[in-house]
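For reference, the structure is listed below as structure tokens.
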Amino acid sequence: MNVVGSVLIIGGGIGGTQAALDLSESGFKVYVLEKTTSIGGVMAQLDKTFPTNDCAMCIVSPKLVAAGRHPNIELIINAEINEVLGDAGDFKVKLTKRSLHINPDICTGCGVCGQKCPVECIDLFNEKMVKNKATFVKYPQAVPLLYSINKDKCIGCGVCEGVCKAGAVEYDRADEITELNVGSIILAPGFDEFDPTPLSPYGYGKYQNVVTSIEFERILSASGPYSGLVLRPSDGDIPEKLAFLQCVGSRDPHRANAFCSSVCCMYTAKEAVIAKEHQHQVNPTIFTMDIRAYGKDFDKYINRAQDEYGIRYIRSRVSHIREDPKTKNLILTYETAEGKITNEVFNMVVLAVGLNPPEDAKKIAEIFDIKLNEYGFCYTDPFHPVETSKLGIYVCGAFSAPKDIPETVIQASAAAGKVNMLLAPARGTLITKKEYPEEIDVRGKPPRIGVFICHCGINIGGVVDVPGVVEYAKTLPNVEYVERNLYTCSADTQTGIKERIIEQNLNRVIVASCTPRTHEPLFQETIREAGLNRYLFEMANIRDQCSWVHMHEPEKATEKAKDLVRMAVGKANRIYPLKRMVLNMTHKALIIGGGITGLNTGLGFAKQGYETYIIEQDKKLGGYANNIHRLLEEKSVNDYLDALITEVKNQDNLKIYNNSRIKQVNGYVGNFEVIIEKEDGSENTLESGVIVVATGGKAYVPDEYNYKNNDKVITQIQLENQIFENKLSEDIKNIVMIQCVGSRNEEYPYCSRICCAEAIKNAILIKEKYPEKEIIILYRDIRTYGFKEKFYRKAREAGVIFLRFNKEQPPELIENNGIMRILLNSPQMGEQISMDTELVVLSTGIRPPMKSNEKLAPMLKVPLNDDGFFLEAHVKLRPVDFATEGVFLAGLAHSPKSIEESIMQSYAAVSRASTLLSKEQIESEGTIAFINPMKCSGCGLCVETCSYNAVSLNEEKHIAEVNTALCKGCGACSANCRSSAIDLLGFTNTQLYLVINQYQQ
Amino acid sequence: MAFKPKIVGFLCNWCSYAGADLAGVSRIQYPPNIRIIRLMCSGRVEPFFVFEALKQGIDGIIIMGCHPGECHYMSGNYEAEIKFNFIKKMLNFINLSDRITLKWVSASEGIRFAKVVTEFTEFIKTLGKSPIQKSKNNSDLIFSLTAMQQSMNNYRMRVLMGRKRKITEQKNVYGEKVSIDEFEELENKAIIDEYNRERISLILKKHPLSVKNLASSLDLDEKSVLDYIVWLRSKGIVDVDKIQGLTPYYISIQED
Ligand code: FES
């Protein structure tokens, strides 16, 4: 098949962005089509993220910036698709780029146009709680940072054209119709929030103090309407009593959506915690049916919310809300645990709204010729979770099912993994590789510094006396050339800088303008094009940290700008060229574990043409999936597994080592050397560029309920076996299932995630075969998240009885003369009840293989979490990466999860690893730590400090060594060194010392 | 003692002022209450002047310019009309809008000039003394007038006043004509918002107040006050001063 080496991604939220970054780093040209004017999606709107309470903007923004400036990613904003033709490998896509009325090639994002625009309109980014202008940018950190004109609101006064010193405003700029030729398409259009207006009993839209959770998210945000104060909209008071209502629009088949929106329980807990953190006066109450904290470390978060923050949970659904018209307080009516109807007054109510499919889902389905599921989301199959019904078109994020950020990121990488497999033959064909002139040798030459000072239109020049700063800069040591520019970042100035470098023989360049966070790479690129090493560059931030923040004190701002320039010159006098380290890449992959995860991962690599090894400790492949016959979603696991194993065995470049364990791991990213040991003691040494940990999990064998001695007490796995082998005894009339056995307790505080679905699956299977058998499921929370909710309902409809118990009062089993009796204190019943049963089924969950994990982790230099599962580099945004480069994880090794989710992680790991494997060589940053062996005492403090395992002790020489391939250049080691032996290139002690000194002059 | 209103007339040099002179030459009599301030064109009338005059306790203000189409400077009188309407809309908030008027008087209309002045003077007499003079407790009115004065000075109002004619009568930058209704909807909202924002930021210069305090002293609903506070905070004009109990108090952080 002839395939095209480019990809189109629909939607620039966190999913689309992740897929774009993965694929562009794997040798493909990527187009990201975003319908709004900037990427970032909903995540950019969030305040904090659970369960780590990381600031959403802080963690997403670097990814957005990276996507914005990647040479092989083209962001097509404000655009829509008209038509898609062709097939997998070769699609033709017609699209319209709606005019921004501002020339994106010229706009510098300075924002003067927005300030001067006289038209105020509602700001959708801030959920209509703030006003924006008709000439606007979605949010201040937007990528791309381009202003645009909202033509619907614009009155055409012409002011912005007048004030734009760059001349970017083009009112007559027309829509542009273009065509793209791509090999594959990823759909990542995200979701829409459920609109609670039609649910009249809640009074949303009628009562000012009833808000949605996404509105509340903006209220919490420091950049939101109330600048981080938690206030209620009616009068700006702090809502002392704050109620959250779960499942608004979800799990509500009669009035709204039947499915569970998966994320609301957690984001509500987070919003309640953050509200309390921001404003200690706030006392949140959460009304919920179940607490669905099924993800990694989620239950711990809920426990903390309750114990540390005093968040009150009430198990009830509020039936309606009334407003006291005088105080604007809200009176909530609900049923208490005892079944009494009661009223309670709150100052403010947050509706935890669910996730709808995107508004234009039907249109998307039509254009791309894909199927939607019964709820209007993109149809996928549990065994093929990123494939749409059309070959070559993949899906990720909430468009396929409601999901949270890490799962979106996983699915995004998984979709990218599939694209990698499909388009591998065309890899590298459409990307631009840049050729640079040879570097000018500056060694031994005295510094000749050029300083370029930016007016940034009027952003700097309107406050700071730029000509004054220019004159001042000329007096500084070794400054040979100074000029000022209207916009130093504009394309023509880049040409100018290059010419000046040659003409003036400059060998150090300083730009005094905006922030290096966004602009340093641009200028570094410019000087590199002129033949200077990238690191012969310094920046002085005289806009974001000077003119913008001292607008009313121009003289002091000018003084400060001079200080900043002097400090930059001080450092520039002592900067030297740095080398980026280049490492070779072994184009082979090694996977530890031959379960469903490991096998899929293996196929992912092998089908791209990489030689692949799978190491399995058992004889048999398939891992935990061997325990399962069928999915809750009614698909046969046995058939799937058989087909998968056959496919793996037929793959020539994929080699399986079973009955084998990892004995030793040497080397680092690109150059691993793994020694494996067979059961019989024979050894094998394998080379690989990347390693994927897919070591799986094991079924917990319970000590509870006399399981080990009583054969009438079995696990769900055993029950499933009995059902499928038709061994379920006729005599059994009453079956009691007990959930959370061995999970969510003090010792193992996590949720095993799959047990609710397993219990319900088995219950339905039994009811279908033997409708007369009584089944009672004793549970703490039913966690049938997402579309699994349907089966929970199905089970209840089939007559399965669900009774809840509290953690403190688990059901008791009493055995007397062969009669088993369960005693239960259910809050639903009020009093203790007892039930006789012939079979007790324990939902026992998943445990990490502790011993082997503890052995493997140090070999790979990767961490485990408190529960014994492997710990990823970042819970939210790097869910299948380890901090140690070149090592990835997937499947149950990460945490308990379904087969569908394990498959997604497999392909995600494939994609993440492919960003390395696809390269001939990998380049590290020049700013890395280095060691002066003369000073190093070998104390090892730096070794412990390093989060990336880049520093190690050379046992022979007894000094520390930096692995330049692994060093990320943070400098923590340097700050810890007692003898100044370890220092950071580009930020050396001397350089920083000089900068400080320059300030005091 | 009979009420002798003080009236200020802003007259353009070329038509109205000449018209007034003609009245003089023709010996046409009119009440002596008016003091004429000569401007080169009615378009020169700054809203600021009008509010200043009112703050000083002037009882009536009359702006005169050339008839439509006859302005010596082509279109100054049209600009004057736009500004006049803005001013009038603002003065409506404090029931003073009757005290200003705009009239077209040509160089040949001595009689008309006298008539206009006479009628306006009579009308002002029926209104009585300016409330600023009438009561010693006029600080509220002065405060409102100051807020108006300042809000009319802001860039947004200037743009709306300055571009209204072009956009609604000719065409905007897209070559389209914006309907007057559409424009005025925006204009009216802007006038209310800018006035209220200015009032809030002025009052917060004196002492910190809560949303509820502000709402009751400015006679606004609390929700709108909060919206204004949100805006003013985002522009770095006001900030939270303290939180008392459950209520934040705000203060102006703008330097004079
Ligand atoms: S000159 Fe009379 S109005 Fe302009």
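Considering only residues in region B:145-159 that are touching a residue at least 40 places away in the same chain (Cβ under 8 Å) and closer than 15 Å to B:LYS189 by Cβ, the one that is farthest from the other protein chains (Cβ to nearest Cβ) turns out to be B:SER151.
Within region B:49-66, residues that are under 28 Å from B:GLU109 (Cα atoms) and β-branched (Val, Ile, Thr) reach partners that are within 14 Å of the ligand (Cβ to nearest atom) and not in a helix (DSSP H, G or I) with beta carbons closer than 7 Å, at six or more positions or on different chains, in the pairs B:ILE62/B:GLY9; B:ILE62/B:LYS103; B:ILE63/B:PHE10; B:ILE63/B:VAL45; B:ILE63/B:LEU102.
The residues of region B:171-186 that are in contact with a Lys or Arg (Cβ under 7 Å, 6 or more places away or on another chain) and either part of a helix (DSSP H, G or I) or more than 11 Å from every other protein chain (Cβ to nearest Cβ) (or both) amount to a single one, B:PHE183. Within region B:69-85, residues that are within 10 Å of the ligand (Cβ to nearest atom) sit with their Cβ atoms under 6 Å from residues that are of a type outside the set (A, V, I, L, M) and open to solvent by 80 Å² or more (accessible area, probe 1.4 Å), at 6+ positions apart or across chains, in these pairs: B:HIS72/B:TRP14. Scanning region A:110-135 for residues that are surrounded by 20 or more Cβ atoms within 10 Å (Cβ to Cβ), within 11 Å of another protein chain (Cβ to nearest Cβ), of a type outside the set (A, V, I, L, M) and part of a loop (DSSP other than H, G, I, E, B) returns A:CYS117, A:PRO118, A:ASN126.
Among the residues of region B:213-241, write down those that are within 12 Å of chain A (Cβ to nearest Cβ) and exposed (fewer than 15 other Cβ atoms within 10 Å of the Cβ). Before the answer, list the steps.
Just the residues of region B:213-241 that are within 12 Å of chain A (Cβ to nearest Cβ), to begin with: B:213-216, B:220-240.
Residues satisfying the conditions are B:SER216, B:ASP221, B:LYS235, B:GLY236.
Scan A:GLU471, A:GLU499, A:GLU480 and give me the residue that is open to solvent by 20 Å² or more (accessible area, probe 1.4 Å) and closer than 16 Å to A:ALA530 by Cα. Even if it seems obvious, please write down each step before you answer.
Values: A:GLU471 fails: closer than 16 Å to A:ALA530 by Cα; A:GLU480 fails: closer than 16 Å to A:ALA530 by Cα.
Unique residue meeting the criteria: A:GLU499.
Restricting the first member to region B:3-18 and to residues that are in contact (Cβ under 8 Å) with a residue 24 or more places away in the chain and open to solvent by less than 10 Å² (accessible area, probe 1.4 Å), and the second to residues that are more than 13 Å from the ligand (Cβ to nearest atom) and of a type in the set (Asp, Glu), the beta-carbon pairs closer than 8 Å and six or more apart or on different chains are B:PRO5/B:ASP59; B:ILE7/B:ASP59.
Taking the condition touching a Ser or Thr at 6+ places or on another chain (Cβ under 9 Å), within 30 Å of A:LYS897 (Cβ to Cβ) and either part of a strand (DSSP E or B) or in contact (Cβ under 8 Å) with a residue 24 or more places away in the chain (or both), does A:ALA398 pass? Yes. Of everything listed in (1) among the aliphatic types (A, V, I, L, M); (2) more than 27 Å from the chain's Cα centre (by Cα); (3) within 29 Å of A:ARG427 (Cβ to Cβ), the single unmet condition for A:ILE106 is (3).
Report whether or not B:PHE49 is within 14 Å of chain A (Cβ to nearest Cβ) and either within 15 Å of the ligand (Cβ to nearest atom) or in a helix (DSSP H, G or I) (or both). No.
Taken as a whole, region B:187-202 holds at least one residue that is within 11 Å of chain A (Cβ to nearest Cβ), closer than 27 Å to B:MET74 by Cα and not in a loop (DSSP other than H, G, I, E, B). The C-beta contact set for region B:170-196 (first residue free of Cβ contacts under 8 Å to residues at least 60 places away in the same chain, second residue of a type in the set (Ser, Thr, Tyr) and surrounded by fewer than 19 Cβ atoms within 10 Å (Cβ to Cβ), distance under 8 angstrom, 6+ apart or interchain) comprises B:VAL173/A:TYR171; B:TYR174/A:TYR171; B:ASN196/B:SER224. Between A:LYS151, A:LYS94, the distinction of being of a type in the set (Lys, Arg), surrounded by fewer than 17 Cβ atoms within 10 Å (Cβ to Cβ) and away from chain B (no Cβ under 14 Å) belongs to A:LYS94 only. Scanning region B:1-46 for residues that are within 14 Å of the ligand (Cβ to nearest atom) and aromatic (Phe, Trp, Tyr) gives B:PHE10, B:TRP14, B:TYR17. Exactly one residue out of A:ASP22, A:ASP87 is more than 14 Å from every other protein chain (Cβ to nearest Cβ), under 18 Å from A:LEU187 (Cβ atoms) and buried (at least 23 other Cβ atoms within 10 Å of the Cβ): that is A:ASP22. Restricting attention to region A:504-518, the residues that are farther than 12 Å from A:GLU538 by Cβ and free of Cβ contacts under 8 Å to residues at least 40 places away in the same chain add up to 1.
The values are calculated or read from the model by the stated rules, or taken from the named source; none is laboratory data. The structure presented is a predicted model; accordingly, all values stated were derived computationally and were not measured. Note that each Cβ is placed from the backbone with ideal geometry, even for glycine, and that neighbours are counted across all protein chains shown. Please note that ligands, DNA and RNA were not included when accessible areas were found on the heavy atoms of the full protein model with its side chains. Shrake-Rupley method; radii C 1.70, N 1.55, O 1.52, S 1.80 Å.
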